[in-house]
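Note sheet for the following structure.
The values are calculated or read from the model by the stated rules, or taken from the named source; none is laboratory data. The shown structure was predicted, so the numbers you read here are calculated from the model rather than taken from an experiment. Every residue, glycine as well, gets a Cβ built from its backbone with ideal geometry; the counts of neighbours run over all protein chains shown.
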Amino acid sequence: MLDRIASIFDYTLIHATIRSSTPILLAALSAVITQQANILNVGVEGIMLFGAFTAVCVSFFTGSWILAVLAAMAVGVLVSTIIGFAHLKYKADVFAVGTVINMLAIALTRFLLNTILKSSGSFYSAEIVPIPTINIRFLEKIPVLDSLFNKYSLFEVLGIVIVFILWYALYKTVWGLRIRSVGLNPMAAETAGLNVFKAKFQVILISGMLGGMAGAHLSLGYSKLFAENMTNGRGFMGVAAMFFGGANPVFAWIGSLIFGLADSIGARLQAYGLPSQFILMIPYIATIAILTISLASRIRQERKQKSSLNNLPNN
Amino acid sequence: MKKSNYINAILSILVALIIGGIVVAFMGHNPLEAFAQLFRGAFVGKFNFGTTLEKFVPLLLAGLAFAVSSKIAVFNVGVEGQLYLGAMAAAWVGFTFSNLSKVVHIPLAILAGMLAGALFAAIPAILKVYFRVNEVLTTMLLNYVAQYLTSYLVNNPFSGGTGVAQSPPIYESAILTRIMPPSRANTGLFIALGMLVFIYWLFYKTTVGYKLRSVGLNRDFTDYIGVNSRKAIILGMMLSGAIGGLAGAIEVMGIHHSFLDNFSSGIGFDGMLAALIAKSDFGMVAIISFFIASLKSGALAMERYTGVPKSLIDAIIAVFILFATMEGLFQLKRRMKSKKEVDEHVG
């Protein structure tokens, strides 16, 4: 039993965790940036799916992964433009628009999969050029270091860089301050002379770019194919990770690492004959549990602060 | 619902159909013929119209479930999950008890389905009122839990043993009678319409309904007048979940006659969107879900006769809903028009 547990929790788990957390992380960052401006972007799931399809398509026809990633990001921006116009200009409920975008993404990618790539269900081809992995030769000789630091797909590394870029942009620049103030109190921001419409539109576009990138990573980095509805709730898990981190990119990153960890432990437990469905449930239940616990402790803290005020002698 | 909303819905339908027509034309099909087939496939003939009704029932119930929750200012995105658990509970009652008469067995299975849905919906409600966990997120995640849980059940303890992931067939005594053979439309239609009337009565003619509506309008005020808003929210969510569970129960008892793994494929979400367009007006939910149901059943026929893929119709439905959610889209033009009129009068 012990050696079984040891084989589940060995050092290779770290690589596996990062691998399965990256698609969620990129989706989470896409949700973080809009949430800072107080927009709950559930359309991430759909944007990702559009991005994944575009990336596979472009990579297949042009043979260039760079073009594929750029095209996926462009499509992400395009889709987010729709969300932006619908929500900001035409006053649609952003949650409804996000859900519709998800619905549209599933239907439209299925339709285009049939018409452009002439296949149904999924599309795989040797001509799809994936996003390269970073390989450092001399690390290959030492298995531990090789597993820990080597053979990461490009966006598994870039994702972490983006976390800190976003953090810096949001908390250390004037632009970030403005975005956050728009999110906290749009009327005050408007009074202070900020263009709320423009600020919100900006973050929605950036969110689309990140979402498209997440999709490209999913279909060209994480895997090398496109399948119908291949995001399979990863966008929603990204939103969950964003909530977990309270819309802070760094904490959202930690959140997505936890989901990634649950996912990779689950995959290993599966080898020991536990029914796969229970393992697949783990990240979802874990998210709810983590959120509940973090919010419960926040409520308890608030109560404590309140009660200590009540106990002041002059009160 | 305001008159402008109806106009908005109709204009959205037109725009979506025009966009769809253009795409169909680009694919080399005749759009008029495709839409004629779509209409024929939805309404002409017992089988076609029956299929529309068959798809209408779960959509209406899922839409109602979402509308009920939004009346108490809660977004129940988990209708899909409640539907799965309700279906599973109804199927379990259906294939377990063998010596019951139809009069006992059918209500029992339906109640089991509604209870399962209600209890499952109580989880996010409790988490929301006591821990302030966002219900959109929990219900969304719980959908996956429900789907995997039922998938486990039909693959392991409740497997029908046929190699297909489905439960044993339910007994004859739990089957809802089909009303329009050869289609699968069944007496569940009347149950669903009864539910629609009941919900309307409950919300607009009873004290409970008043309490629920006032929670939705202003939670603090509700607490102030002495109604426990927490209890009201939990009750409302359980009601919503029960309707979702009912949708699942009818799917099992009227359509599939056993629990098929993954049978829903987004009924809950489609219903939710119907409710969103209808702005949670119960009557309008029925109209919109009937419209979506006829598009879906028509799409099947259209694919069969013209080769235009069904996924295109799904995309058109999404485009229609996208336009319909944009409240300001068509009003803008009207405002410009009325402004012009005013100018003319002034001039």
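Restricting attention to the stretch B:283-294, the residues that are touching a residue at least 60 places away in the same chain (Cβ under 8 Å) and either of a type in the set (Asp, Glu) or farther than 24 Å from B:Tyr84 by Cβ (or both) total 4. Tell me, please, whether a residue that is modelled with pLDDT of 85 or more, more than 21 Å from the chain's Cα centre (by Cα) and within 14 Å of chain A (Cβ to nearest Cβ) can be found in the stretch B:224-234. Within the stretch B:224-234, one or more residues are modelled with pLDDT of 85 or more, more than 21 Å from the chain's Cα centre (by Cα) and within 14 Å of chain A (Cβ to nearest Cβ). Might you let me know whether the stretch B:51-66 holds any residue that is touching a Lys or Arg at 6+ places or on another chain (Cβ under 7 Å) and in contact (Cβ under 8 Å) with a residue 60 or more places away in the chain? Looking for residues that are touching a Lys or Arg at 6+ places or on another chain (Cβ under 7 Å) and in contact (Cβ under 8 Å) with a residue 60 or more places away in the chain, one finds at least one in the stretch B:51-66, hence yes.
For residues in the stretch B:254-272 being more than 11 Å from chain A (Cβ to nearest Cβ) and either hydroxyl-bearing (Ser, Thr, Tyr) or in a loop (DSSP other than H, G, I, E, B) (or both), which is surrounded by the fewest Cβ atoms within 10 Å (Cβ to Cβ)? Among those residues, the one meeting the criterion is B:Asn262. Is it fair to say B:Arg219 is more than 25 Å from B:Leu119 (Cβ to Cβ), surrounded by fewer than 21 Cβ atoms within 10 Å (Cβ to Cβ) and of a type in the set (D, E, K, R)? Here the answer is no, as B:Arg219 does not meet what is asked.
For the stretch A:226-245, a residue qualifies if it is in a helix (DSSP H, G or I) and not aromatic (Phe, Trp, Tyr), and the qualifying residues are A:Arg234, A:Gly235, A:Met237, A:Gly238, A:Val239, A:Ala240, A:Ala241, A:Met242. Listed by position, the helices (runs of 4 or more DSSP H) contained in the stretch A:48-157 that have at least 3 residues being over 23 Å from A:Ala16 (Cα atoms) are A:65-84, A:94-115.
This table checks each residue for (1) touching a strand residue (DSSP E or B) at 6+ places or on another chain (Cβ under 9 Å); (2) in a loop (DSSP other than H, G, I, E, B); (3) under 30 Å from B:Ile234 (Cβ atoms).
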position: B:Ser12; (1), (2), (3): no, no, no
position: B:Leu17; (1), (2), (3): no, no, no
position: B:Gly20; (1), (2), (3): no, no, no
position: B:Gly41; (1), (2), (3): no, no, no
position: B:Asn48; (1), (2), (3): no, no, no
position: B:Glu54; (1), (2), (3): yes, no, no
position: B:Ala62; (1), (2), (3): no, no, yes
position: B:Ala73; (1), (2), (3): no, yes, yes
position: B:Asn76; (1), (2), (3): no, yes, yes
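Evaluating B:Trp92 against the criteria (1) modelled with pLDDT of 90 or more; (2) under 22 Å from the mean Cα position of the chain (by Cα); (3) away from chain A (no Cβ under 14 Å) leaves one unmet condition, (2). Regarding B:Leu212, is this residue more than 14 Å from every other protein chain (Cβ to nearest Cβ), assigned to a helix (DSSP H, G or I) and touching a residue at least 24 places away in the same chain (Cβ under 8 Å)? Here the answer is yes, as B:Leu212 does meet what is asked.
Only residues that are more than 19 Å from the chain's Cα centre (by Cα) and part of a helix (DSSP H, G or I) were counted across the stretch A:252-281, and they come to 10. When the stretch A:17-34 is examined, which residues are found to be hydrophobic (A, V, I, L, M, F, W, C) and surrounded by 24 or more Cβ atoms within 10 Å (Cβ to Cβ)? Once the filter is applied, which keeps residues that are hydrophobic (A, V, I, L, M, F, W, C) and surrounded by 24 or more Cβ atoms within 10 Å (Cβ to Cβ), the stretch A:17-34 yields A:Ile24, A:Leu25, A:Leu26, A:Ala27, A:Ala28, A:Leu29, A:Ala31, A:Val32, A:Ile33.
Only one of these is farther than 12 Å from A:Gly235 by Cα, under 13 Å from the mean Cα position of the chain (by Cα) and not hydrophobic (A, V, I, L, M, F, W, C): A:Thr34, A:Thr22, A:Thr17. Name it.
A:Thr34
Checking the conditions here, which among B:Ala324, B:Ala275, B:Ala293 is over 22 Å from A:Phe95 (Cα atoms) and either assigned to a helix (DSSP H, G or I) or within 11 Å of chain A (Cβ to nearest Cβ) (or both)?
None of the other options fit; the residue is B:Ala293.
Which ones in the stretch A:37-47 are over 13 Å from the mean Cα position of the chain (by Cα) and within 14 Å of chain B (Cβ to nearest Cβ)? Answer for the stretch A:37-47, where residues must be over 13 Å from the mean Cα position of the chain (by Cα) and within 14 Å of chain B (Cβ to nearest Cβ): A:Asn38, A:Ile39, A:Leu40. Just one residue in the set B:Ile191, B:Ile225, B:Ile179 is surrounded by 19 or more Cβ atoms within 10 Å (Cβ to Cβ) and of a type outside the set (D, E, K, R); that residue is B:Ile191.
Of the residues making up the stretch B:161-179, those that are in a loop (DSSP other than H, G, I, E, B) and farther than 23 Å from B:Ser101 by Cα number 5. Within the stretch A:101-160, the set of residues being within 14 Å of chain B (Cβ to nearest Cβ) and of a type in the set (A, V, I, L, M) comprises A:Ile101, A:Met103, A:Leu104, A:Ala105, A:Ile106, A:Ala107, A:Leu108, A:Leu112, A:Leu113, A:Ile116, A:Leu117.
Out of curiosity, is A:Pro275 surrounded by fewer than 18 Cβ atoms within 10 Å (Cβ to Cβ) and at pLDDT below 90? The answer is yes for A:Pro275. Filtering the stretch B:112-157 to residues that are small (Gly, Ala, Ser) and within 10 Å of chain A (Cβ to nearest Cβ) leaves B:Ala146, B:Ser151.
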